[in-house]
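Report on the following structure.
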Amino acid sequence: MTLPVMEPGLDAATLETWSRTVDDGPFSALCFGERMAFDNPETMTLLGAVAAWTERVRLVTTVVVPQLHDPVLLAKSLATADLLSEGRLSVGLGVGGRDEDYRAVGADPSTQTIAGLAERVAVMRRVWSGKPVSDDVGPVGPPPVQEGGPELLVGSMGPRTIRAAADWADGLAGFTLDLDAGAVAGQFATARRAWADAGRPVPRLATSFWFAINDDAEVARAQVHHHLRHYMSWLPTSLVDAMAPTTGFAGSTAQLGELLDAMAEAGADEIHLVPTSVDRDQLAAVAQLVS
């Protein structure tokens, strides 16, 4: 389950309540993503808080963009989160799809590539290995609890990016807009082949999608639409409105169960659900469904 970090009007009580509820429930992971030019909480600070609020679930960033950070400082921050969570951290990484996030922090837009991502991952891996950062700078701690650093998942829907990440990623944190289980299965097959070709262990495979639960499908669809208008504010409203009728899940709890079964059949090891509301009743409905 993903925290509703992209919803407006968040406060500490909402984030803590959702985190503790997810930890108490049947969920395997608590997820949240990164934006810069937006009103969501800062990811590294929030990681420290959720590490304290939870005891059981894995903490998954979906996704962090290393090009928006100094890679050594990012590695230190993530190692600290791994320490605080006692080794429960998985890190989704991606290049990011918004130029404004790069501009907001003065990051170089020419690094918004899978190669730029891989370069920063190499630095982070070096930090986590305990090796000196450079010839004149010693190791940077703390050492992560997980040997070699936390699990790294590439956030991607494209086959080229998936294949390019096989050398460094431990798995895939994908996203599906249209809920096409066949297309998701195709992504997973691409990942398995790429990891095998690179001589890597079988990858961990995850996908995610927005959801809204209501027995009245029109009400649920309106919730998704409202969320997309807020979250995708960098796009023309007309484009968002055109996407909204077929993007994400909007329906009953039973229909969501059927979709989860289809994604499991497609080969998903884990599904990261992304809420489109802070409504805890929807969180409770999903918890009851998957328990």
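The values are calculated or read from the model by the stated rules, or taken from the named source; none is laboratory data. Keep in mind that what you see is a predicted model, and the values were worked out from it rather than measured. Glycine also receives a Cβ, built like all others from the backbone with ideal geometry; neighbour counts cover every protein chain displayed.
Among 22, 60, which is the only one that is closer than 20 Å to residue 143 by Cα, touching a strand residue (DSSP E or B) at 6+ places or on another chain (Cβ under 9 Å), crowded, with 18+ Cβ neighbours inside 10 Å and of a type in the set (Val, Ile, Thr)?
None of the other options fit; the residue is 60.
Taking the conditions exactly as written (surrounded by 22 or more Cβ atoms within 10 Å (Cβ to Cβ) and in contact with a helix residue (DSSP H, G or I) (Cβ under 8 Å, 6 or more places away or on another chain)), does residue 107 satisfy them or not? In short, no. Can you name the residue in region 79-104 that is surrounded by fewer than 18 Cβ atoms within 10 Å (Cβ to Cβ) and basic (Lys, Arg) and is also farthest from residue 69 (Cα to Cα) among such residues? Filtering region 79-104 for residues that are surrounded by fewer than 18 Cβ atoms within 10 Å (Cβ to Cβ) and basic (Lys, Arg), the one farthest from residue 69 (Cα to Cα) comes out as 98.
One line per residue, one yes/no per condition, for (1) within 21 Å of the chain's Cα centre (by Cα); (2) under 23 Å from residue 39 (Cβ atoms):
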{"residue": "155", "(1), (2)": "yes, yes"}
{"residue": "184", "(1), (2)": "yes, no"}
{"residue": "196", "(1), (2)": "no, no"}
{"residue": "202", "(1), (2)": "yes, no"}
{"residue": "249", "(1), (2)": "yes, no"}
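When you look at residue 125, is it under 19 Å from the mean Cα position of the chain (by Cα) and farther than 21 Å from residue 174 by Cβ, yes or no? In short, no.
Only one of the numbered conditions (1) surrounded by fewer than 22 Cβ atoms within 10 Å (Cβ to Cβ); (2) over 23 Å from residue 171 (Cα atoms); (3) under 15 Å from the mean Cα position of the chain (by Cα); (4) not small (Gly, Ala, Ser) is not met by residue 15, and that is (3).
The lone criterion from (1) surrounded by fewer than 18 Cβ atoms within 10 Å (Cβ to Cβ); (2) outside any helix (DSSP H, G or I); (3) touching a Gly at 6+ places or on another chain (Cβ under 8 Å) left unmet by residue 289 is number (2).
Only one entry in 9, 48, 25 is at pLDDT below 95 and at negative phi, namely 25.
For residue 104, are the conditions met, namely being more than 26 Å from residue 134 (Cα to Cα) and in contact (Cβ under 8 Å) with a residue 60 or more places away in the chain? In short, yes. In region 113-127, of all residues being at pLDDT 95 or above and hydrophobic (A, V, I, L, M, F, W, C), the one that is farthest from residue 167 (Cα to Cα) corresponds to 127. All conditions but one from (1) touching an Asp or Glu at 6+ places or on another chain (Cβ under 8 Å); (2) under 23 Å from residue 174 (Cα atoms); (3) surrounded by fewer than 20 Cβ atoms within 10 Å (Cβ to Cβ); (4) not small (Gly, Ala, Ser) apply to residue 30; the one that does not is (3). Select from region 131-164 the residues that are at pLDDT below 95 and aliphatic (A, V, I, L, M) and write down the one among them that is farthest from residue 120 (Cα to Cα). The residue in question is 157.
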